[in-house]
Amino acid sequence: MFQESPFLSREDSVSIMDGTDEGISAWITINFLTGGLHSSDSPTVGMLDLGGGSTQITFSPRDE
């Protein structure tokens with residue numbers, strides 16, 4: 001389908017993302033948009049994504 005479309009794509013340019021990558025990408029996005037990644041003293045927020053077949057809960061722990 002992608003090869004027949006007018007968009008330039010390679011054989012490996014589209015894939016299904018697993019839940020871990022989905023949660024991390026969403027956490028980075030929401031914290032970038034809310035300003036949590038702009039400085040070290042800015043707090044970050046947790047993220048909950050309820051999907052059709054999965055749920056991702058992503059946050060930055062305070063202690064290592």
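The values are calculated or read from the model by the stated rules, or taken from the named source; none is laboratory data. Given the structure is predicted, the values throughout are model-derived calculations rather than measurements. Note that we place each Cβ from the backbone using ideal geometry, even for glycine, and neighbour counts take in every protein chain shown. When the accessible area is computed, the model is the full protein with side chains, heavy atoms only, and any ligands, DNA or RNA have been set aside. Shrake-Rupley method; radii C 1.70, N 1.55, O 1.52, S 1.80 Å.
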Inter-residue pairs, beta-carbon under 7 Å, first without any contact (Cβ under 8 Å) to a residue 60 or more places away in the chain and in the stretch 25-41, second open to solvent by less than 60 Å² (accessible area, probe 1.4 Å) and part of a loop (DSSP other than H, G, I, E, B), 6+ apart: 31/44; 35/42; 36/42; 36/44
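Quick check on the stretch 29-64: of everything there that is aliphatic (A, V, I, L, M) and within 19 Å of residue 18 (Cα to Cα), which residue is least open to solvent (accessible area, probe 1.4 Å)?
By that ranking, first place goes to 47.
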